[in-house]
1. Just name the residue that is farthest from the chain's Cα centre (by Cα) out of those in the stretch 189-216 that are open to solvent by 10 Å² or more (accessible area, probe 1.4 Å) and within 18 Å of Ala150 (Cβ to Cβ).
2. Restricted to the stretch 1-46, and to residues that are touching a Lys or Arg at 6+ places or on another chain (Cβ under 7 Å), part of a loop (DSSP other than H, G, I, E, B) and among the small types (Gly, Ala, Ser), which residue is least open to solvent (accessible area, probe 1.4 Å)?
3. Let me spell it out: the conditions are (1) open to solvent by 60 Å² or more (accessible area, probe 1.4 Å); (2) farther than 29 Å from Arg75 by Cα; (3) not in a loop (DSSP other than H, G, I, E, B), and Lys230 meets all of them except one. Which number is the exception?
4. Would you call Cys185 surrounded by 15 or more Cβ atoms within 10 Å (Cβ to Cβ), modelled with pLDDT of 95 or more, closer than 21 Å to Asp28 by Cβ and not acidic (Asp, Glu)?
5. If you go through the stretch 156-163 one residue at a time, do you hit one that is open to solvent by less than 30 Å² (accessible area, probe 1.4 Å) and modelled with pLDDT under 90?
6. What are the pairs with Cβ atoms under 6 angstrom where one residue, in the stretch 170-187, is farther than 22 Å from Asp206 by Cβ and the other, located anywhere, is open to solvent by less than 70 Å² (accessible area, probe 1.4 Å) and part of a helix (DSSP H, G or I)? Sequence gap at least six, or different chains.
7. Conditions: (1) farther than 22 Å from Leu149 by Cβ; (2) in contact with a strand residue (DSSP E or B) (Cβ under 8 Å, 6 or more places away or on another chain); (3) open to solvent by 50 Å² or more (accessible area, probe 1.4 Å). Lys80 meets all but one. Number of the miss?
8. Quick one: Thr61 ticks every box in (1) farther than 27 Å from Ser212 by Cα; (2) open to solvent by less than 50 Å² (accessible area, probe 1.4 Å); (3) β-branched (Val, Ile, Thr) bar one, so which box is it?
Amino acid sequence: MRIETQHLSKVYGVTKAVDDVSLTLSDDVQVLALIGPSGGGKSTFLRLLGGLEIPTSGEVTMDGVKLPLKEESLRDIRRKNGFLFQSFNLFPHLTALENIVLPLVKVYGRSQEEATKRAAEVVERFRLTDHVGKRPGQLSGGQQQRIALARAMAHEPSLLLLDEPTSALDPEMKSEVLDLISELCECGQRIVLSTHEMGFAKRSADHILFLSEGKCVEEAPSSQLFDDPKTEQVSQFLHKVMKW
C-alpha cells in the first residue's frame, strides 16, 4: 500500500495528539504496525489514515489519492475500509450473524439474501458458525472480537484498520484473535494496526512506525527496527516490553 503523510497533525484543544508526522511507504508494504507508549498518538494516527478524523493540518495520500478534508467526502473513503476497535461495538440486541448482515444491507446496499450469504461465508472462515445465533452477551470476549473482525472483513475492504484489537482480552482470547489476524496477513490483506503486542508486530508487520507524544520517533522495516533500533528511546522501550 502506498501511504504518504505530509506534516500531518491533529490537535484537540492544547493537546497535540499527532504532531507534524511525515511518512512515505511504498507498494511493497502490506502490513504497517504502529507501536509506542500509551497516549503516544497511535490511535489518532490510525484514525487519520482511515478517514475517521480530519487533520488539523497536513494531508494524507492513500494509493495516490489525497484524502478529502470534508466530512461528507470522507464517507466514501470509510466505506472502502474495514475497522476494528478496542471495544467490540456489537449491537447487543442482534445475533452475531445479524451484526454482520446489518451493515452489508444498510451501508453497502446489498440485498438481505446476498448479505446473509456473505455473512455466513465470513463466519465459517473465522470458525464461528456455531455461534451465529447467539447475542453478544452470550459470547466470550474473544468470540465477540472475532465477530467484530468478521464484520469488518465482510465487505472485502481495501484496507483493514485495527486499533489495539486485543487490548481488552485475556491472554487466551488474545491468541485466538491474533491467530485470525495472522491468517489475514498471510492471505495478503492490507492492514494498518496499532498494538502493544510486540512479538506479533515483529512477526507479522512489514514496516513499523514508533510514535511517542504525537511524533514519529523512528520508522523502519520490522526486522530492522526491532533488531537494530536507531534511537535510544525506541531501544529502551523495546528492552522494557520484550525483556520477558
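The values are calculated or read from the model by the stated rules, or taken from the named source; none is laboratory data. This structure is a prediction, so every number in the text was calculated from the model and none was measured. A quick note on method: Cβ atoms are made from the backbone with ideal geometry, for glycine too, and the neighbour counts reach across all protein chains shown. Areas reflect the complete protein model, heavy atoms only, side chains present, ligands, DNA and RNA absent. Shrake-Rupley method; radii C 1.70, N 1.55, O 1.52, S 1.80 Å.
1. Only one residue fits best here, namely Gln189.
2. Checked the stretch 1-46; the qualifying residue least open to solvent (accessible area, probe 1.4 Å) is Gly36.
3. With (1) open to solvent by 60 Å² or more (accessible area, probe 1.4 Å); (2) farther than 29 Å from Arg75 by Cα; (3) not in a loop (DSSP other than H, G, I, E, B) applied to Lys230, the lone miss is (3).
4. Answer is no for this residue.
5. No, every residue in the stretch 156-163 fails to be open to solvent by less than 30 Å² (accessible area, probe 1.4 Å) and modelled with pLDDT under 90.
6. Once the first residue is farther than 22 Å from Asp206 by Cβ and sits in the stretch 170-187, its partners that are open to solvent by less than 70 Å² (accessible area, probe 1.4 Å) and part of a helix (DSSP H, G or I) give Met173/Gly141; Met173/Gly142; Glu176/Gly142.
7. (1)
8. (1)
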